[in-house]
Amino acid sequence: MTNDHYVVIVGCGRVGSILANKLSAAGNSLVVIDIDESTFDDLSSEFSGFRLAGDATQIALLREAKLQKADTLIATTHDDNVNLMVAQVARNIFKTPLVMARVYDPKREQVYQRLGIRTICPTAVAASLFMEALAGETDRDKESAL
């Protein structure tokens, strides 16, 4: 992502704070929203964006975040339902061009995608990486047997 984007991140846990720090360091404009104000402690001292404490499922808070001007919304909370709700509001009400959400339940991933929401599913990613690692171990076992 280039350094001229306006990004709203919902959820400032481990993933959200890392994204916010990296995107801020790259020069993007950011607003980070979390219901728990203490999560903002994970933002670096160089973080140059704004912090909003509150419930991102409330349209008034999304307006306060100026979501109507955002290029991207990324929903990274620990709750699939919250991520889906916020993503749908961003897409359908605020017309945010790029909407992305973390989804833990692989069965829900198809629902998000049908709604035009790009997803990252840590559960599916981890399973794929384990399968790749197992395949690599199996290949090594075959090589060492030769």
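The values are calculated or read from the model by the stated rules, or taken from the named source; none is laboratory data. The structure presented is a predicted model; accordingly, all values stated were derived computationally and were not measured. Positions of Cβ are generated from backbone atoms using ideal geometry, with glycine treated the same way; all protein chains shown enter the neighbour counts. To get the accessible areas, we keep the full protein, side chains included, count just its heavy atoms, and leave off ligands, DNA and RNA. Shrake-Rupley method; radii C 1.70, N 1.55, O 1.52, S 1.80 Å.
Listing for the model above:
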| quantity | calculated |
| --- | --- |
| Counted residues, region 65-112 - those being under 23 Å from residue 21 (Cβ atoms), in contact with a Ser or Thr (Cβ under 8 Å, 6 or more places away or on another chain) and of a type in the set (Ser, Thr, Tyr) | 3 |
| Residue among 62, 129, 52 that alone is of a type outside the set (Lys, Arg) and more than 22 Å from residue 17 (Cα to Cα) | 129 |
| Condition check for residue 89: assigned to a strand (DSSP E or B), in contact (Cβ under 8 Å) with a residue 12 or more places away in the chain, buried (at least 18 other Cβ atoms within 10 Å of the Cβ) and under 16 Å from the mean Cα position of the chain (by Cα) | no |
| Cβ pairs under 6 Å, 6+ apart, first in region 2-30 and in contact (Cβ under 8 Å) with a residue 24 or more places away in the chain and within 20 Å of residue 78 (Cβ to Cβ), second in a helix (DSSP H, G or I) and among the acidic types (Asp, Glu) | 17/42 |
| Residue match in region 122-145 (condition: part of a helix (DSSP H, G or I) and within 18 Å of residue 9 (Cβ to Cβ)) | yes |
| Tabulated pairs, region 101-116, first within 17 Å of residue 74 (Cα to Cα) and modelled with pLDDT of 85 or more, second of a type in the set (A, V, I, L, M) and open to solvent by 60 Å² or more (accessible area, probe 1.4 Å), C-beta under 7 angstrom, 6+ apart or interchain | 102/15; 102/120 |
| Filter result for residue 101 (open to solvent by less than 10 Å² (accessible area, probe 1.4 Å), in a helix (DSSP H, G or I) and under 23 Å from residue 123 (Cβ atoms)) | no |
| Checklist (1) touching a residue at least 12 places away in the same chain (Cβ under 8 Å); (2) surrounded by 14 or more Cβ atoms within 10 Å (Cβ to Cβ); (3) not polar (S, T, N, Q) applied to residue 79, failing item | (1) |
| Candidates 76, 39, 2, 57, filtered to the one that is modelled with pLDDT under 95 and hydroxyl-bearing (Ser, Thr, Tyr) | 2 |
| Residue satisfying condition, being open to solvent by less than 70 Å² (accessible area, probe 1.4 Å), farther than 21 Å from residue 80 by Cβ and out of contact with any helix residue (DSSP H, G or I) (no Cβ under 9 Å at 6 or more places or on another chain), within set 23, 43, 19 | 23 |
| Within region 59-76, tally of residues that are surrounded by 14 or more Cβ atoms within 10 Å (Cβ to Cβ) and free of Cβ contacts under 8 Å to residues at least 24 places away in the same chain | 1 |
